[in-house]
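Chemist: My structure is below; once you've seen it, I'll send some questions.
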Amino acid sequence: MTSIKLNKNRITLIMALMTLFGSLSSSSVFAQRTESSGPDPTATDSVPKARINPTPATGTGLGARSLLRREGSLSRQPSGRSNSWMRARRSNVFNVRRSSKRTLAQKRVAFIRPDGDEGRHDTQALGNASLAVQISSPKGRYAITPAPQMPKIEVSATISGLNPDPTPSTDFNWTVDLQYVTRQHKPRVHKLDPVYKCTQKGGAAVQSILDDRVRGGELILIAEAKLPNGESLSKTTRGLTIVGINPQKSDIQERLATDDESETQWLRKIACQESRQRQFATANDRGGFRYVGEPLMNGIGDGGAGIMQITNPLPTAAELWDWRANVDSGKIVFAAKRKSSRKYPNQVRTSLGFEALMSLTNEWRESSGLPPLAEIRVPDFGSYPVLEPDGKRVSRDTLVEDTVRGFNGHVKASVRNADGIAGQFELPWHEFWLKTQKVQIPNRGVSEVLVIENEQRDDNHEGRLVGDAIWARIPTRLRPITGDPNYVENVRRKSPTCP
């Protein structure tokens, strides 16, 4: 009994000492808080400290340990909470000083701020400083003029959150990129290459952030400012768009002019057939791959674009957005197709297929009692009567019309028509081919031979007989389905002024 009573006395004494210690500790902290007029203005860490309840524990019947548990620092861990939660609570109660170390992100970017009335500066985390960009158009939508000229986009920049304001003495570096994703089955991304860059001091307005290259699409604007302490701020602005406005048709027609009046009229008709002499889609264009203000894309999604519907090779960024470049490229394509058409008759003359057909034609003539021909001449393309599908002979400029066909595409020889026929003489499909007829040849059956006209004796062949083959327009129904089978006739019907 005596031992038990002694133990109780010891416990009572220990509890009293713990109560006295808790009271003194609380009073000391309270005095420390009340004597200070506020945080030290020179301190680098002025984070407010959590306050311990200064009420003395006397008379409460609680020891120091119970007092701390009541304040929350030593409260038992609630069910389902982690040890980290308990450590955080204990940290708040005992006012453990926060580490002054900055995070890696804070070390990378810092700013100078005023501290107190003395105007002293120190480096802190860049939490309040920001770079603001002002742009001339609040809607963020700009248009290339019909001339064409790029829009004037005025931008300026300011730095806020710092005192004194470093804006007037700061160099602002501007970077501008334009990106456009073509509307087609296999979209292509066009970027400004190289990007446009300029530097302006003091954040003053930059009258134009673009150069003379005519481009459109999404405008990406990046502003960068280097602060006096060597750190940098940057701001990227998106959501800006540059679209196009169609030029006057008279300007397009003037640009299409060449030294050859006939060729000029055909080029203007081609532009009318391809795009109605427009570079950009309008509200009247519905669905497909066409969007208002963007380059007028081919409705079948093969990538052709603009006034001349440049397709092969696929249009460049300039040909998409600068109507002059599109027209000029169209004229270059037309000139290249003209060379191809001019060569075609000679390609026919020298082909193995033509030699075989000429031999078969003479075999038929001999079986029919007709003298063989020493030569079957193939006329060059030019202006003379040609055989139309309806059987009539009409004067045509075969060189120009075959060039027009080439603008739509001289389809490769391996492509067959609905009847399974490939290109004549294993050469690409053109607007015209040599006229043939089906005849009966002994021991051969039904065969195709050349239709000959202008048979005559030629002194160059020792008076032997020669004749001319006949160019005939390929009927639409016999053409391959690639491209427009009736393209030349459709272009012919257009007006050069394209009303």
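Chemist: Regarding the range 329-338, can at least one residue be identified that is surrounded by fewer than 21 Cβ atoms within 10 Å (Cβ to Cβ) and in contact with an Asp or Glu (Cβ under 7 Å, 6 or more places away or on another chain)?
Modeler: Within the range 329-338, one or more residues are surrounded by fewer than 21 Cβ atoms within 10 Å (Cβ to Cβ) and in contact with an Asp or Glu (Cβ under 7 Å, 6 or more places away or on another chain).
Chemist: Could I ask something else about it? Any residue in the range 448-459 that's among the acidic types (Asp, Glu): show its pairings with residues that are loosely packed, with under 15 Cβ neighbours inside 10 Å and in a strand (DSSP E or B) at Cβ separation under 6 Å, as long as the two are six or more apart or on different chains.
Modeler: 448/438
Chemist: Here are some residues: 330, 303, 353. Which one is at positive phi and not polar (S, T, N, Q)?
Modeler: Within the list 330, 303, 353, the selection yields 303.
Chemist: Hey, another quick one. Looking for something surrounded by 19 or more Cβ atoms within 10 Å (Cβ to Cβ), closer than 30 Å to residue 326 by Cβ, outside the structural domain of residue 323 (by TED's automatic domain parsing) and among the hydrophobic types (A, V, I, L, M, F, W, C) - is there at least one such residue anywhere in the range 216-223?
Modeler: Yes, the range 216-223 contains at least one residue that is surrounded by 19 or more Cβ atoms within 10 Å (Cβ to Cβ), closer than 30 Å to residue 326 by Cβ, outside the structural domain of residue 323 (by TED's automatic domain parsing) and among the hydrophobic types (A, V, I, L, M, F, W, C).
Chemist: Quick one: which of 381, 432, 425, 407 is more than 30 Å from residue 272 (Cα to Cα), hydrophobic (A, V, I, L, M, F, W, C), in contact (Cβ under 8 Å) with a residue 12 or more places away in the chain and outside the structural domain of residue 270 (by TED's automatic domain parsing)?
Modeler: Among 381, 432, 425, 407, only 425 is more than 30 Å from residue 272 (Cα to Cα), hydrophobic (A, V, I, L, M, F, W, C), in contact (Cβ under 8 Å) with a residue 12 or more places away in the chain and outside the structural domain of residue 270 (by TED's automatic domain parsing).
Chemist: Residues to consider are 134, 149; find the one that is closer than 16 Å to residue 200 by Cα and modelled with pLDDT of 85 or more.
Modeler: So the residue among 134, 149 that is closer than 16 Å to residue 200 by Cα and modelled with pLDDT of 85 or more is 134.
Chemist: I need a count of the residues in the range 220-278 that are more than 30 Å from residue 165 (Cβ to Cβ), in a loop (DSSP other than H, G, I, E, B) and touching a residue at least 40 places away in the same chain (Cβ under 8 Å).
Modeler: 8
Chemist: Which condition from (1) of a type in the set (A, V, I, L, M); (2) in the same structural domain as residue 449 (by TED's automatic domain parsing); (3) under 42 Å from the mean Cα position of the chain (by Cα) is the one that residue 387 breaks?
Modeler: (3)
Chemist: So which residues in the range 440-452 are exposed (fewer than 11 other Cβ atoms within 10 Å of the Cβ), of a type outside the set (Val, Ile, Thr) and not in a loop (DSSP other than H, G, I, E, B)?
Modeler: Residue satisfying the conditions is 445 alone.
Chemist: Do you know which of the residues in the range 393-417 that are assigned to a loop (DSSP other than H, G, I, E, B) and out of contact with any Leu (no Cβ under 8 Å at 6 or more places or on another chain) is nearest to residue 270 (Cα to Cα)?
Modeler: So, considering only residues that are assigned to a loop (DSSP other than H, G, I, E, B) and out of contact with any Leu (no Cβ under 8 Å at 6 or more places or on another chain), the one nearest to residue 270 (Cα to Cα) is 409.
The values are calculated or read from the model by the stated rules, or taken from the named source; none is laboratory data. Note that the structure is predicted; figures quoted are calculated from it, not measured. Here the Cβ is made from the backbone with ideal geometry for all residues, glycine too, and neighbour counts use every protein chain on show.
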